[in-house]
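J.: Before I ask anything, here is the structure I am working with.
The values are calculated or read from the model by the stated rules, or taken from the named source; none is laboratory data. Computed from a predicted structure; not experimentally measured. For neighbour counting, all protein chains shown are included, and Cβ atoms are generated from backbone atoms with ideal geometry for every residue, glycine included. Accessible surface is based on the protein model in full, side chains and every heavy atom, while ligands, DNA and RNA are left aside. Shrake-Rupley method; radii C 1.70, N 1.55, O 1.52, S 1.80 Å.
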Amino acid sequence: MNLIESTREECETKAAQVIADKLTQLASEKPHVVFGIPGGRNVAGIFSKLLSHNSIPWKKVHIFMEEA
C-alpha cells in the first residue's frame, strides 16, 4: 500500500492492523502491555478499527492517553 496516495480510511485501517499485530505479539510475551497514545480526535478512526481485532487481549493492555 502506498500510504501517500491512500485515503484516510485506508491509512487508519493499516495503522490499526500494525498496532493490533504489535499489541498481540507483546501480550503473548509479557504479563501486560503499556499503550501510550496522543489525545485528540485524529486517533478516533484507528480506535474504532482496533475494536474489530479479536486477537488483542485487552485485559492485558493498559492504555494511557494524553489530553488534547
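J.: Pairs needed: first member in region 47-68, more than 11 Å from LEU23 (Cα to Cα); second member anywhere, part of a loop (DSSP other than H, G, I, E, B) and of a type in the set (Gly, Ala, Ser); C-beta distance under 8 Å; at least 6 residues apart or different chains.
T.: The qualifying pairs are MET65/GLY39; GLU66/GLY39; GLU67/GLY39; ALA68/GLY39; ALA68/GLY40.
J.: All but one of (1) modelled with pLDDT under 90; (2) open to solvent by 90 Å² or more (accessible area, probe 1.4 Å) hold for PRO31; which doesn't?
T.: Just one mismatch for PRO31, condition (1).
J.: Residues in region 50-68 that are outside any loop (DSSP other than H, G, I, E, B), among the hydrophobic types (A, V, I, L, M, F, W, C) and surrounded by 11 or more Cβ atoms within 10 Å (Cβ to Cβ): how many?
T.: Qualifying residue count, region 50-68: 5.
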